[in-house]
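The values are calculated or read from the model by the stated rules, or taken from the named source; none is laboratory data. Please read these numbers as outputs of a predicted model, since none were measured by experiment. Note: ideal-geometry Cβ built from the backbone for every residue, glycine included; neighbour counts use all protein chains shown.
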Amino acid sequence: MPDPHATDAIVARYSGLARAALAGDTPEDEGQCGDSCFGAAAYQAEDEAPQAALRASLGCGNPLAVAELRPGETVLDLGSGGGLDVLLSARRVGPTGIAYGLDASDDMLTLARANAAESGAENVRFLHGHIDDIPLPAASVDVVISNCVINLAADKARVLAEAFRVLRPGGRFGVSDIIADPDECGAAEQRIGCAASTLTAEEYRRELHTAGFTGITITAYTGDGLRAAIVQAAKPAG
């Protein structure tokens, strides 16, 4: 059974990082993904990246590099943190689209809304909640993105099932996340700083398939033991 205390600890940790960012500091979270973290470096090609949100980036990649967002689409960022990916998504989907951010930390939501106000974004919506219980109707978004958050979830199968539920038929799933090498799961779990074990690529693929996704690709690109990866899949159009 998932440990609620582990979830509370994660929310508390990220709330502290959000408060640091609100105070003008550049937060660092060494317990999250070790050498697999990129933070702002993953967004070097994003000329329109809001600087305040960029400073608070704690991700392990740039999911927008593979999300292929289109004008008019609705996108949901799971564990949206300081709002960087939401704000960049909002610019890509344009005034006829909507970018949602979901986070369990009130402090992170305060930071994200402040960053949204500073950037003048009007087509963003920040929601309070957990990524394994998304407060949106079924078949309500076109794209689900996330940056180095799903690995923290105690019940990853439920998170992926929820992502599948809120996607419209033909919707896309494109996230940056952390995966573990099969022989390094124990060490990975210690470094990740949470009670839930990190999935291997094969385990991730299996959970996505069980949730109903097709067209699954997992591309790992850094590290040993813990590796940053791009995970892509789709909800069948039928």
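The table below lists the values:
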quantity: Top-ranked residue of the range 55-91 - restricted to ones that are more than 13 Å from the chain's Cα centre (by Cα) and closer than 17 Å to residue 126 by Cα, ranked as modelled with the lowest pLDDT; calculated: 56
quantity: Filter pass, residue 142 being part of a strand (DSSP E or B), out of contact with any helix residue (DSSP H, G or I) (no Cβ under 6 Å at 6 or more places or on another chain) and touching a residue at least 40 places away in the same chain (Cβ under 8 Å); calculated: yes
quantity: Among the candidates 72, 82, residue that is part of a loop (DSSP other than H, G, I, E, B) and either acidic (Asp, Glu) or buried (at least 24 other Cβ atoms within 10 Å of the Cβ) (or both); calculated: 82
quantity: Residue in the range 100-111 that is crowded, with 24+ Cβ neighbours inside 10 Å, touching a residue at least 24 places away in the same chain (Cβ under 8 Å) and touching a Lys or Arg at 6+ places or on another chain (Cβ under 8 Å) present; calculated: yes
quantity: Matching residues, the range 197-238, being among the polar types (S, T, N, Q) and buried (at least 18 other Cβ atoms within 10 Å of the Cβ); calculated: 198, 200, 232
quantity: Residues being at pLDDT below 95 and surrounded by fewer than 16 Cβ atoms within 10 Å (Cβ to Cβ) - total across the range 165-186; calculated: 3
quantity: Residue that is farthest from residue 104 (Cα to Cα), among those in the range 150-181 that are in contact with a Gly (Cβ under 7 Å, 6 or more places away or on another chain) and outside any strand (DSSP E or B); calculated: 181
quantity: Enumeration of residues in the range 110-128 that are under 17 Å from residue 145 (Cα atoms) and either out of contact with any strand residue (DSSP E or B) (no Cβ under 8 Å at 6 or more places or on another chain) or not in a strand (DSSP E or B) (or both); calculated: 112, 123
